[in-house]
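**Q** My structure is below; once you've seen it, I'll send some questions.
The values are calculated or read from the model by the stated rules, or taken from the named source; none is laboratory data. Small disclaimer: the values here were computed from a predicted structure and weren't measured. So basically every Cβ, Gly included, is an ideal-geometry build from the backbone, and we count neighbours across all protein chains shown.
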Amino acid sequence: MRTAHSERIPSFAEERRWLTVIASLAIGSGFFALWFWLLPEWLGFHVELAAIAGWRWLAAAPSVLGFALALRCVWDFGWTGHGTPAPMVPPRRLVVAGFYRYVRNPMYLGFAVGWIGLWVVFGRPDLRTIAAAAAVALGVHLFVLLYEEPTLRRKFGADYEL
């Protein structure tokens, strides 16, 4: 027989874990919203469904999977890492769960696949847009090499190198 006193009470650590997951998802959602609000026009997206060739819709599947991958990584940052994707509130634990077991930067990979898929479906790319997208990709790569990886090496040591 269960009494009011025998019910399990969540520990402070469990409550805090949920708070970090909520914070991570809020920051991740804000990041998604910002990019979906800013980038479509900049990338030359013009939604004219009647004018889109049927084969272009094939890119919708990898696009959805790419964004789902990125969202799962946001979840892992909160649940496993006890932090957020934002550099101001980074994970306190090294995240090696989920897709991070296989790829060092699956969140970036998910965003890239998602946006490339949307670009194929809706985009009208020109040389300037391609050059700008390449510059953004180079900027992300340099951010990873010059800031993110050295910071993670200092914070997590040998565990990060595995």
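**Q** May I ask you to verify whether ALA97 is over 22 Å from LEU25 (Cβ atoms), without any contact (Cβ under 8 Å) to a residue 60 or more places away in the chain and not acidic (Asp, Glu)?
**A** no
**Q** Show me the helices (runs of 4 or more DSSP H) found entirely inside segment 44-162 where at least 1 residues are surrounded by 15 or more Cβ atoms within 10 Å (Cβ to Cβ), among the small types (Gly, Ala, Ser) and modelled with pLDDT of 85 or more.
**A** The qualifying helices (runs of 4 or more DSSP H) are 60-79, 106-122.
**Q** Does segment 72-112 hold any residues that are more than 14 Å from THR151 (Cβ to Cβ), out of contact with any His (no Cβ under 6 Å at 6 or more places or on another chain) and charged (D, E, K, R), and which are they?
**A** Those that are more than 14 Å from THR151 (Cβ to Cβ), out of contact with any His (no Cβ under 6 Å at 6 or more places or on another chain) and charged (D, E, K, R): ARG72, ASP76, ARG101.
**Q** Scan segment 141-161 and report the pairs whose first residue is in contact (Cβ under 8 Å) with a residue 12 or more places away in the chain and within 15 Å of TYR100 (Cα to Cα) and whose second residue is surrounded by 12 or more Cβ atoms within 10 Å (Cβ to Cβ) and among the basic types (Lys, Arg), with Cβ atoms within less than 7 Å and a gap of 6+ or a chain change.
**A** Between residues of segment 141-161 that are in contact (Cβ under 8 Å) with a residue 12 or more places away in the chain and within 15 Å of TYR100 (Cα to Cα) and residues that are surrounded by 12 or more Cβ atoms within 10 Å (Cβ to Cβ) and among the basic types (Lys, Arg), the close pairs are TYR160/ARG153.
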